[in-house]
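The values are calculated or read from the model by the stated rules, or taken from the named source; none is laboratory data. As the structure is a prediction and not an experimental result, all values here were calculated from the model. Here the Cβ positions follow ideal geometry from the backbone for every residue, glycine too, while neighbour counts run over all protein chains shown. Just so you know, the surface numbers come from the protein's heavy atoms only, side chains and all, with ligands and any DNA or RNA stripped out. Shrake-Rupley method; radii C 1.70, N 1.55, O 1.52, S 1.80 Å.
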Amino acid sequence: MYIDTIFPPSTRTEFESDKLNYMMSTIFFLLNRFAKSMMGFSEFEKPMEEFKRLGKESVDSDEYKSIYENQKARLNEILAKYF
């Protein structure tokens, strides 16, 4: 097994259980990060679509600039929250 090259087999039982605990905690950590990123992407998608729609509808450059600043702040909040 590939994990045995990283953690060689041990004659002591507590080292084998440490290896298992390390693997499980790594898997749970990665799954947690994946779940958070999926929530972040779903929240990120809605403001991006709204921003794109508002950009197409606005004709005034001052109006577009204020929309841009508001959406930029909203996207930065989402990125800071999840990533």
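Some points to look at:
- Any hit, segment 28-45, residues being basic (Lys, Arg) and without any contact (Cβ under 8 Å) to a residue 12 or more places away in the chain: yes
- Listed by position, the helices (runs of 4 or more DSSP H) enclosed by the chain that each have at least 3 residues that are touching a helix residue (DSSP H, G or I) at 6+ places or on another chain (Cβ under 8 Å) and open to solvent by less than 90 Å² (accessible area, probe 1.4 Å) are 13-57, 61-82.
- Whichever residue in segment 40-83 is β-branched (Val, Ile, Thr) and over 13 Å from the mean Cα position of the chain (by Cα) and, among such residues, is farthest from Leu30 (Cα to Cα): Val59
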